[in-house]
Amino acid sequence: MKTTMTSLTLPLADDLHVHLRQGDVLRTVVPLLRAGGAGRVLVMPNTTPPVTSAGQAVAYRAELRAVAPDVDFLMTLYFTPALTPDEVRRAAAAGVVGIKVYPHGVTTNSASGVEDLLAFGPVLAAMEAADLVLELHGELPAHAGSDVCVLDAEERFLPTLRSLHDRYPRLRIVLEHVTTARAVDAVKSLGATVAATITAHHLDLMIDDWAGKNHNFCKPVAKYPSDRAALRAVVGEGHPRFFLGSDSAPHPRTAKECASACAGVFTSPLLLAYLADTFEGLGALDRLPAFASEFGCRFYRLPPARETIRLVREPQVVPPAYGGVVPYRAGATLNWRIAAA
Ligand code: DOR
Ligand code: ZN
């Protein structure tokens, strides 16, 4: 007999990859983190200008805390060619937890990124020694004359992931927002210091869902049905090195509903509700607490959250916008919501 769960209590989630921006967008999105179910978030550094020093990370954290004192903000630096081993050590001493790599030119605000990551040996060695986590946007940039495109850019990056792990086996590495069966296999095949994040939207979407539909367009792009199946399978099996990083990436409506849309899907305000819908559809609702609240903090060596949230099986309609930012699946009815405390 098939029974339907109607409620699920889990620790407050860790969203280990989120874009919180600056100014008006920051003030719109940061207060929505807790509403979406996250109590601790890893903040991406691709602001304008990017967060490249320990001092900037500390100042950004103070700004975020002032808006949402009930959220724990874990900070990252942006890996630029100018990053030094000394700055890595200063960052670690200031409580920064990771350094994010955007290969030059692959996505929003990646112009300050590095071209050849393996050429930055002293910085990588300093990270390994200071126990900072290397977060990778794992796409090989396309350039004139190359045969790389959005569909194979992630797969073509995997040799770099393997080389990094070979050379720095104690360096903890997270391959962010994986979208392909090949990336899932690669991460599984590597050691305990290599993990991956998976977004809520990549568990739902494939190419046909973003081609011509700008609100579902993000980088890396969602791929084939077989790739989505691999993501679903790895969360369904409860693999401990695959955990939640939403890559929630707010852009004003005008930057999405235009001819040259920014990449990014905004999921923060309803994050756990989206995930509950998806995990229920997979018959894997029992795997959601570990995916959202256990595996990530274990990899990042953080204490588990003490507070809990309760998800209930009650419909809610996704609002059309939050302060000019359109959320993922705007107008759709979700089956789950977070119960009022
Ligand atoms: O879709 C994306 N949006 N992918 C990224 O890597 C960056 C992000 C953003 O900052 O908007
Ligand atoms: Zn991101």
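Being open to solvent by 70 Å² or more (accessible area, probe 1.4 Å) and among the charged types (D, E, K, R) is the filter; apply it to region 95-117 and report the residue that is nearest to ligand 1 (Cβ to nearest atom). Within region 95-117, the match that is nearest to ligand 1 (Cβ to nearest atom) is E115.
The criterion of at least 1 residues that are closer than 27 Å to P252 by Cβ, open to solvent by less than 60 Å² (accessible area, probe 1.4 Å) and within 16 Å of ligand 2 (Cβ to nearest atom) is met by the following helices (runs of 4 or more DSSP H) wholly inside region 24-94: 33-36, 54-67.
The residue list A130, A233 contains one member that is open to solvent by 30 Å² or more (accessible area, probe 1.4 Å), over 30 Å from D277 (Cα atoms) and small (G, A, S), which is A130. Does L158 qualify as being part of a loop (DSSP other than H, G, I, E, B), touching a Lys or Arg at 6+ places or on another chain (Cβ under 7 Å) and aliphatic (A, V, I, L, M)? The answer is no for L158. Restricting the first member to region 232-251 and to residues that are within 16 Å of ligand 1 (Cβ to nearest atom), and the second to residues that are open to solvent by 20 Å² or more (accessible area, probe 1.4 Å) and assigned to a helix (DSSP H, G or I), the beta-carbon pairs closer than 7 Å and six or more apart or on different chains are P250/V25. Screening E139 with (1) surrounded by fewer than 19 Cβ atoms within 10 Å (Cβ to Cβ); (2) modelled with pLDDT of 95 or more; (3) not aliphatic (A, V, I, L, M) gives one miss only, at (1). Note on region 210-230: among residues that are open to solvent by 40 Å² or more (accessible area, probe 1.4 Å), within 26 Å of R287 (Cα to Cα) and not hydrophobic (A, V, I, L, M, F, W, C), the one that is nearest to the chain's Cα centre (by Cα) is R228. Could you tell me whether L8 is touching a residue at least 40 places away in the same chain (Cβ under 8 Å), closer than 23 Å to L288 by Cα and either among the β-branched types (V, I, T) or open to solvent by less than 20 Å² (accessible area, probe 1.4 Å) (or both)? When the stated conditions are applied, L8 passes them. From the list A13, A82, the one residue that fits, being touching a residue at least 60 places away in the same chain (Cβ under 8 Å) and in contact with a Ser or Thr (Cβ under 8 Å, 6 or more places away or on another chain), is A13. The residue that is nearest to ligand 1 (Cβ to nearest atom), counting only those in region 190-225 that are within 18 Å of L134 (Cβ to Cβ) and in contact with a Lys or Arg (Cβ under 9 Å, 6 or more places away or on another chain), is A196. Scanning region 241-288 for residues being more than 16 Å from the chain's Cα centre (by Cα) and open to solvent by 30 Å² or more (accessible area, probe 1.4 Å) gives a total of 14.
The values are calculated or read from the model by the stated rules, or taken from the named source; none is laboratory data. Since this is a predicted model, take the numbers as computed values, not measurements. Please note: Cβ atoms are built from the backbone with ideal geometry, for glycine as well, and neighbour counts cover all protein chains shown. For accessibility, only protein heavy atoms count, side chains too; no ligands or nucleic acids. Shrake-Rupley method; radii C 1.70, N 1.55, O 1.52, S 1.80 Å.
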